[in-house]
(Lines give C-alpha, C1' and ligand atoms only; values in the text may rest on other atoms or scores of the structure.)
Protein backbone atom coordinates (compact mmCIF):
# COMPACT_ATOMS: atom_id res chain seq x y z
CA UNK A 1 0.00 0.00 0.00
CA UNK A 2 1.72 3.16 -1.16
CA UNK A 3 -0.98 5.54 -0.11
CA UNK A 4 -2.52 5.33 3.33
CA UNK A 5 -5.61 7.08 2.04
CA UNK A 6 -6.36 3.97 -0.07
CA UNK A 7 -7.31 1.95 3.01
CA UNK A 8 -8.15 4.72 5.43
CA UNK A 9 -11.87 4.18 5.04
CA UNK A 10 -11.45 0.44 5.81
CA UNK A 11 -9.57 0.96 9.08
CA UNK A 12 -11.12 1.39 12.46
CA UNK A 13 -11.17 4.86 13.89
CA UNK A 14 -8.70 4.06 16.68
CA UNK A 15 -6.32 2.46 14.17
CA UNK A 16 -6.54 5.52 11.92
CA UNK A 17 -5.50 7.75 14.79
CA UNK A 18 -2.61 5.42 15.64
CA UNK A 19 -1.33 5.32 12.06
CA UNK A 20 -1.66 9.08 11.68
CA UNK A 21 0.30 9.64 14.90
CA UNK A 22 3.15 7.47 13.56
CA UNK A 23 3.17 9.37 10.30
CA UNK A 24 2.81 6.22 8.21
CA UNK A 25 2.25 6.91 4.50
CA UNK A 26 2.85 3.40 3.04
CA UNK A 27 3.28 -0.17 4.39
CA UNK A 28 3.56 -3.86 3.49
CA UNK A 29 1.42 -6.61 5.10
CA UNK A 30 2.39 -10.27 4.69
CA UNK A 31 0.59 -13.22 6.37
CA UNK A 32 2.69 -15.31 8.78
CA UNK A 33 1.91 -18.94 7.98
CA UNK A 34 3.58 -22.12 9.30
CA UNK A 35 2.56 -25.68 8.49
CA UNK A 36 -0.62 -24.42 6.85
CA UNK A 37 -1.75 -22.50 9.94
CA UNK A 38 -2.09 -18.74 10.00
CA UNK A 39 -0.21 -17.31 12.97
CA UNK A 40 -0.54 -13.58 12.31
CA UNK A 41 0.38 -10.74 9.99
CA UNK A 42 3.76 -9.05 9.50
CA UNK A 43 3.26 -5.33 8.83
CA UNK A 44 6.24 -3.18 7.82
CA UNK A 45 6.34 0.56 7.21
CA UNK A 46 8.90 3.33 7.01
CA UNK A 47 7.57 6.77 7.91
CA UNK A 48 10.88 8.44 7.11
CA UNK A 49 11.27 6.94 3.67
CA UNK A 50 10.49 9.07 0.68
CA UNK A 51 8.83 7.54 -2.32
CA UNK A 52 6.88 4.36 -2.81
CA UNK A 53 7.72 0.90 -1.49
CA UNK A 54 9.22 -1.32 -4.18
CA UNK A 55 8.61 -4.90 -5.32
CA UNK A 56 12.02 -5.84 -3.87
CA UNK A 57 10.76 -4.66 -0.50
CA UNK A 58 7.74 -6.93 -0.82
CA UNK A 59 9.90 -9.87 -1.88
CA UNK A 60 12.19 -9.35 1.12
CA UNK A 61 9.29 -9.21 3.58
CA UNK A 62 7.68 -12.29 2.00
CA UNK A 63 10.96 -14.15 2.56
CA UNK A 64 11.20 -13.04 6.18
CA UNK A 65 7.58 -13.91 7.11
CA UNK A 66 8.00 -17.74 6.91
CA UNK A 67 11.13 -17.57 9.05
CA UNK A 68 9.22 -15.59 11.65
CA UNK A 69 6.40 -18.16 11.39
CA UNK A 70 8.79 -21.02 12.14
CA UNK A 71 10.23 -19.09 15.08
CA UNK A 72 6.76 -18.40 16.47
CA UNK A 73 5.74 -22.05 16.01
CA UNK A 74 8.87 -23.29 17.78
CA UNK A 75 8.31 -20.82 20.61
CA UNK A 76 4.71 -21.99 20.95
CA UNK A 77 5.80 -25.62 20.98
CA UNK A 78 8.44 -24.91 23.58
CA UNK A 79 5.90 -23.13 25.72
CA UNK A 80 3.49 -26.06 25.31
CA UNK A 81 6.24 -28.53 26.18
CA UNK A 82 7.07 -26.53 29.27
CA UNK A 83 3.40 -26.49 30.23
CA UNK A 84 3.12 -30.23 29.61
CA UNK A 85 6.33 -30.85 31.52
CA UNK A 86 5.03 -28.85 34.44
CA UNK A 87 1.70 -30.67 34.33
CA UNK A 88 3.53 -34.00 34.16
CA UNK A 89 5.74 -33.04 37.09
CA UNK A 90 2.70 -32.07 39.17
CA UNK A 91 0.87 -35.26 38.15
CA UNK A 92 3.94 -37.35 39.04
CA UNK A 93 4.26 -35.67 42.43
CA UNK A 94 0.54 -36.23 43.05
CA UNK A 95 0.84 -39.88 42.03
CA UNK A 96 3.88 -40.38 44.26
CA UNK A 97 2.00 -38.87 47.19
CA UNK A 98 -0.98 -41.14 46.50
CA UNK A 99 1.31 -44.18 46.24
CA UNK A 100 2.98 -43.27 49.53
CA UNK A 101 -0.40 -42.75 51.18
CA UNK A 102 -1.74 -46.00 49.76
CA UNK A 103 1.39 -47.87 50.80
CA UNK A 104 1.06 -46.50 54.31
CA UNK A 105 -2.63 -47.53 54.35
CA UNK A 106 -1.75 -51.03 53.18
CA UNK A 107 1.00 -51.28 55.78
CA UNK A 108 -1.43 -50.29 58.51
CA UNK A 109 -4.01 -52.73 57.16
CA UNK A 110 -1.38 -55.48 57.09
CA UNK A 111 -0.38 -54.73 60.68
CA UNK A 112 -4.03 -54.74 61.74
CA UNK A 113 -4.57 -58.01 59.89
CA UNK A 114 -1.56 -59.60 61.58
CA UNK A 115 -2.86 -58.36 64.93
CA UNK A 116 -6.27 -59.83 64.11
CA UNK A 117 -4.74 -63.18 63.24
CA UNK A 118 -2.76 -63.18 66.48
CA UNK A 119 -5.91 -62.31 68.39
CA UNK A 120 -7.84 -65.07 66.64
CA UNK A 121 -5.05 -67.52 67.38
CA UNK A 122 -4.90 -66.75 71.09
CA UNK A 123 -8.40 -65.53 71.94
CA UNK A 124 -10.28 -68.32 70.15
CA UNK A 125 -7.93 -71.24 70.61
CA UNK A 126 -8.04 -71.25 74.43
CA UNK A 127 -11.85 -71.25 74.90
CA UNK A 128 -12.15 -73.71 72.02
CA UNK A 129 -9.84 -76.15 73.77
CA UNK A 130 -11.77 -75.67 77.00
CA UNK A 131 -15.00 -76.62 75.23
CA UNK A 132 -13.86 -79.87 73.66
CA UNK A 133 -11.41 -80.56 76.49
CA UNK A 134 -14.21 -80.72 79.03
CA UNK A 135 -16.12 -82.85 76.54
CA UNK A 136 -13.23 -85.32 76.64
CA UNK A 137 -13.26 -85.27 80.43
CA UNK A 138 -16.99 -85.93 80.56
CA UNK A 139 -16.71 -88.77 78.09
CA UNK A 140 -13.78 -90.37 79.92
CA UNK A 141 -14.85 -89.80 83.54
CA UNK A 142 -18.61 -90.18 83.37
CA UNK A 143 -19.12 -92.60 80.52
CA UNK A 144 -20.94 -95.14 82.73
CA UNK A 145 -23.46 -92.49 83.78
CA UNK A 146 -24.25 -91.34 80.24
CA UNK A 147 -26.60 -93.00 77.78
CA UNK A 148 -25.60 -93.53 74.16
CA UNK A 149 -27.36 -90.38 72.98
CA UNK A 150 -25.40 -88.22 75.44
CA UNK A 151 -22.15 -89.90 74.40
CA UNK A 152 -22.92 -89.19 70.75
CA UNK A 153 -23.59 -85.55 71.59
CA UNK A 154 -20.25 -85.29 73.37
CA UNK A 155 -18.42 -87.00 70.53
CA UNK A 156 -19.96 -84.54 68.05
CA UNK A 157 -18.96 -81.63 70.29
CA UNK A 158 -15.38 -82.89 70.58
CA UNK A 159 -15.12 -83.58 66.87
CA UNK A 160 -16.52 -80.16 66.02
CA UNK A 161 -14.05 -78.46 68.35
CA UNK A 162 -11.12 -80.35 66.87
CA UNK A 163 -12.27 -79.52 63.34
CA UNK A 164 -12.64 -75.86 64.23
CA UNK A 165 -9.14 -75.76 65.72
CA UNK A 166 -7.75 -77.44 62.60
CA UNK A 167 -9.54 -74.86 60.44
CA UNK A 168 -8.09 -72.11 62.63
CA UNK A 169 -4.60 -73.54 62.18
CA UNK A 170 -5.06 -73.68 58.41
CA UNK A 171 -6.35 -70.11 58.36
CA UNK A 172 -3.29 -68.90 60.25
CA UNK A 173 -1.01 -70.88 57.93
CA UNK A 174 -2.78 -69.25 54.97
CA UNK A 175 -2.21 -65.76 56.39
CA UNK A 176 1.48 -66.35 57.06
CA UNK A 177 2.46 -67.41 53.53
CA UNK A 178 3.24 -63.86 52.41
CA UNK A 179 5.08 -63.02 55.63
CA UNK A 180 7.74 -65.72 55.61
CA UNK A 181 11.21 -65.05 54.25
CA UNK A 182 12.04 -67.05 51.15
CA UNK A 183 15.14 -69.22 51.06
CA UNK A 184 15.77 -69.95 47.41
CA UNK A 185 17.63 -73.05 46.34
CA UNK A 186 17.28 -75.88 43.78
CA UNK A 187 14.48 -78.21 44.89
CA UNK A 188 13.89 -81.70 43.49
CA UNK A 189 10.11 -81.89 43.15
CA UNK A 190 10.32 -85.49 41.97
CA UNK A 191 11.91 -86.54 45.26
CA UNK A 192 9.33 -84.55 47.21
CA UNK A 193 6.47 -86.16 45.29
CA UNK A 194 7.85 -89.67 45.91
CA UNK A 195 8.24 -89.01 49.64
CA UNK A 196 4.77 -87.50 50.02
CA UNK A 197 3.23 -90.47 48.19
CA UNK A 198 5.05 -92.93 50.45
CA UNK A 199 3.70 -91.09 53.48
CA UNK A 200 0.17 -91.15 52.05
CA UNK A 201 0.30 -94.89 51.33
CA UNK A 202 1.07 -95.54 54.99
CA UNK A 203 -2.35 -94.07 55.85
CA UNK A 204 -4.15 -96.59 53.63
CA UNK A 205 -2.06 -99.67 52.95
CA UNK A 206 -4.92 -101.54 51.30
CA UNK A 207 -5.34 -99.06 48.50
CA UNK A 208 -4.02 -99.95 45.05
CA UNK A 209 -1.81 -97.11 43.87
CA UNK A 210 -0.33 -96.55 40.42
CA UNK A 211 1.97 -93.53 40.48
CA UNK A 212 4.13 -92.20 37.68
CA UNK A 213 6.73 -89.66 38.73
CA UNK A 214 8.99 -88.06 36.16
CA UNK A 215 12.56 -88.12 37.38
CA UNK A 216 14.71 -85.08 38.19
CA UNK A 217 12.12 -82.30 38.00
CA UNK A 218 14.14 -79.54 39.65
CA UNK A 219 13.05 -75.92 40.18
CA UNK A 220 14.50 -72.99 42.08
CA UNK A 221 12.35 -72.00 45.02
CA UNK A 222 11.72 -72.19 48.74
CA UNK A 223 11.81 -75.85 49.78
CA UNK A 224 9.34 -75.46 52.65
CA UNK A 225 6.74 -73.78 50.44
CA UNK A 226 7.25 -76.25 47.61
CA UNK A 227 6.94 -79.17 50.03
CA UNK A 228 3.63 -77.73 51.22
CA UNK A 229 2.50 -77.30 47.60
CA UNK A 230 3.25 -80.95 46.81
CA UNK A 231 1.63 -82.15 50.06
CA UNK A 232 -1.56 -80.23 49.28
CA UNK A 233 -1.80 -81.24 45.62
CA UNK A 234 -0.94 -84.89 46.24
CA UNK A 235 -3.15 -84.92 49.31
CA UNK A 236 -6.05 -83.70 47.17
CA UNK A 237 -5.33 -86.32 44.50
CA UNK A 238 -5.21 -89.00 47.20
CA UNK A 239 -8.41 -87.84 48.85
CA UNK A 240 -10.55 -87.45 45.74
CA UNK A 241 -9.45 -90.77 44.21
CA UNK A 242 -10.36 -92.75 47.35
CA UNK A 243 -13.64 -93.92 45.81
CA UNK A 244 -11.93 -95.41 42.75
CA UNK A 245 -10.88 -99.04 42.40
CA UNK A 246 -7.27 -97.83 42.22
CA UNK A 247 -5.57 -94.47 42.64
CA UNK A 248 -3.68 -93.25 39.58
CA UNK A 249 -1.41 -90.24 40.03
CA UNK A 250 1.20 -88.79 37.68
CA UNK A 251 3.62 -85.92 38.15
CA UNK A 252 6.11 -84.31 35.79
CA UNK A 253 7.14 -81.26 33.82
CA UNK A 254 6.74 -80.29 30.18
CA UNK A 255 7.89 -77.05 28.54
CA UNK A 256 8.68 -75.54 31.94
CA UNK A 257 5.21 -76.29 33.37
CA UNK A 258 4.80 -78.80 36.21
CA UNK A 259 1.68 -80.93 36.19
CA UNK A 260 0.01 -83.33 38.61
CA UNK A 261 -2.95 -85.42 37.44
CA UNK A 262 -5.22 -87.97 39.10
CA UNK A 263 -8.19 -90.16 38.28
CA UNK A 264 -10.32 -88.81 41.12
CA UNK A 265 -13.70 -87.10 41.23
CA UNK A 266 -12.58 -84.21 39.01
CA UNK A 267 -14.66 -81.04 38.80
CA UNK A 268 -16.90 -79.07 36.48
CA UNK A 269 -14.85 -76.51 34.52
CA UNK A 270 -17.74 -74.08 34.95
CA UNK A 271 -16.73 -73.99 38.64
CA UNK A 272 -13.00 -73.55 37.94
CA UNK A 273 -12.99 -69.93 39.16
CA UNK A 274 -14.00 -71.10 42.65
CA UNK A 275 -11.32 -73.79 42.81
CA UNK A 276 -8.60 -71.64 44.38
CA UNK A 277 -10.82 -69.38 46.51
CA UNK A 278 -10.64 -69.69 50.33
CA UNK A 279 -13.39 -71.78 51.96
CA UNK A 280 -14.91 -72.74 48.60
CA UNK A 281 -15.74 -76.42 48.19
CA UNK A 282 -16.84 -78.09 44.96
CA UNK A 283 -17.62 -81.47 46.57
CA UNK A 284 -19.79 -82.72 49.39
CA UNK A 285 -18.17 -82.17 52.80
CA UNK A 286 -19.62 -85.43 54.11
CA UNK A 287 -17.97 -87.46 51.35
CA UNK A 288 -14.68 -85.57 51.22
CA UNK A 289 -13.53 -83.90 54.43
CA UNK A 290 -11.55 -80.69 54.38
CA UNK A 291 -11.44 -77.01 55.27
CA UNK A 292 -11.63 -75.44 51.81
CA UNK A 293 -8.26 -73.75 52.24
CA UNK A 294 -5.79 -76.19 50.70
CA UNK A 295 -5.89 -75.02 47.09
CA UNK A 296 -6.16 -71.37 48.14
CA UNK A 297 -2.94 -71.85 50.10
CA UNK A 298 -1.32 -73.56 47.11
CA UNK A 299 -2.15 -70.63 44.85
CA UNK A 300 -0.81 -68.12 47.38
CA UNK A 301 2.41 -70.13 47.79
CA UNK A 302 2.91 -70.49 44.03
CA UNK A 303 2.31 -66.76 43.53
CA UNK A 304 4.72 -66.05 46.38
CA UNK A 305 7.30 -67.95 44.34
CA UNK A 306 6.55 -65.84 41.27
CA UNK A 307 4.54 -68.49 39.43
CA UNK A 308 0.95 -69.28 38.61
CA UNK A 309 -1.36 -72.28 38.93
CA UNK A 310 -4.42 -73.46 37.04
CA UNK A 311 -6.35 -76.70 36.58
CA UNK A 312 -8.48 -78.68 34.20
CA UNK A 313 -10.91 -81.43 35.05
CA UNK A 314 -14.04 -83.36 34.24
CA UNK A 315 -16.59 -84.70 36.73
CA UNK A 316 -15.86 -88.32 37.56
CA UNK A 317 -12.76 -88.47 35.35
CA UNK A 318 -10.08 -86.75 37.41
CA UNK A 319 -8.22 -83.45 37.34
CA UNK A 320 -4.85 -82.07 36.30
CA UNK A 321 -3.15 -79.19 38.08
CA UNK A 322 -0.51 -77.13 36.30
CA UNK A 323 1.89 -74.70 37.94
CA UNK A 324 5.05 -72.75 37.27
CA UNK A 325 7.72 -71.46 39.63
CA UNK A 326 9.83 -68.40 38.87
CA UNK A 327 11.85 -67.15 41.85
CA UNK A 328 14.53 -65.35 39.93
CA UNK A 329 15.06 -68.42 37.74
CA UNK A 330 12.75 -70.21 35.36
CA UNK A 331 11.68 -73.75 36.23
CA UNK A 332 14.11 -76.20 34.72
CA UNK A 333 14.16 -79.93 34.40
CA UNK A 334 17.45 -81.65 35.11
CA UNK A 335 18.23 -84.24 32.47
CA UNK A 336 18.06 -84.51 28.72
CA UNK A 337 14.49 -85.53 28.02
CA UNK A 338 12.06 -82.67 27.30
CA UNK A 339 9.09 -85.06 27.21
CA UNK A 340 7.74 -86.51 30.46
CA UNK A 341 6.74 -89.81 28.91
CA UNK A 342 10.40 -90.57 28.10
CA UNK A 343 11.70 -90.26 31.62
CA UNK A 344 9.35 -91.68 34.22
CA UNK A 345 9.48 -94.03 37.10
CA UNK A 346 6.45 -96.01 38.22
CA UNK A 347 5.74 -96.49 41.89
CA UNK A 348 3.48 -99.41 42.75
CA UNK A 349 2.68 -101.04 46.08
CA UNK A 350 4.77 -104.09 46.88
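Within the group 281, 227, which residue is surrounded by fewer than 20 Cβ atoms within 10 Å (Cβ to Cβ), at pLDDT below 75 and within 25 Å of the chain's Cα centre (by Cα)?
On the way: 227 fails: at pLDDT below 75.
Going through 281, 227 in turn, the sole match is 281.
Within the bounds of the range 104-118, is there any residue that is surrounded by 10 or more Cβ atoms within 10 Å (Cβ to Cβ) and modelled with pLDDT of 85 or more? Full working, then the answer.
Of the range 104-118, the ones surrounded by 10 or more Cβ atoms within 10 Å (Cβ to Cβ) are 104-118.
From the residues that got through so far, the ones that are modelled with pLDDT of 85 or more too are 104-105.
Taking every residue of the range 104-118 in turn, at least one turns out to be surrounded by 10 or more Cβ atoms within 10 Å (Cβ to Cβ) and modelled with pLDDT of 85 or more.
If I go through the range 313-333 residue by residue, how many of them are part of a loop (DSSP other than H, G, I, E, B), in contact with a strand residue (DSSP E or B) (Cβ under 8 Å, 6 or more places away or on another chain) and modelled with pLDDT of 55 or more?
Final tally of qualifying residues: 2.
Go through the range 207-220 and give me each residue that's touching a helix residue (DSSP H, G or I) at 6+ places or on another chain (Cβ under 9 Å) and modelled with pLDDT of 90 or more.
The first filter runs over the range 207-220 and keeps only residues touching a helix residue (DSSP H, G or I) at 6+ places or on another chain (Cβ under 9 Å), leaving 207, 209, 211-219.
Matches in the range 207-220: 212, 213, 214, 215, 217, 218, 219.
State whether the residues of the range 224-239 include one that is touching a strand residue (DSSP E or B) at 6+ places or on another chain (Cβ under 9 Å), part of a strand (DSSP E or B) and closer than 25 Å to residue 304 by Cα.
The answer is no; no qualifying residue exists.
Can you tell me how many residues within the range 138-168 are more than 27 Å from residue 294 (Cα to Cα) and surrounded by 11 or more Cβ atoms within 10 Å (Cβ to Cβ)? Before the answer, list the steps.
Looking only at the range 138-168, we keep the residues that are more than 27 Å from residue 294 (Cα to Cα), and these are 138-154.
Subsequent filtering for residues that are surrounded by 11 or more Cβ atoms within 10 Å (Cβ to Cβ) retains 138-139, 142-143, 146, 150-154.
Matching residues across the range 138-168 total 10.
Taking into account only those residues within the range 230-260 that are touching a helix residue (DSSP H, G or I) at 6+ places or on another chain (Cβ under 6 Å) and at pLDDT 90 or above, which is farthest from residue 319 (Cα to Cα)?
Restricting to residues being touching a helix residue (DSSP H, G or I) at 6+ places or on another chain (Cβ under 6 Å) and at pLDDT 90 or above, the top hit is 254.
Within the range 301-312, take every residue that is buried (at least 21 other Cβ atoms within 10 Å of the Cβ) and assigned to a helix (DSSP H, G or I) and give me the one that is modelled with the highest pLDDT.
Looking at residues that are buried (at least 21 other Cβ atoms within 10 Å of the Cβ) and assigned to a helix (DSSP H, G or I), I get 302.
The values are calculated or read from the model by the stated rules, or taken from the named source; none is laboratory data. Quick caveat: nothing in here was measured; it's all calculated off a predicted structure. Because the Cβ atoms are built from the backbone with ideal geometry, glycine has one as well, and the counts that use them run over all protein chains shown.
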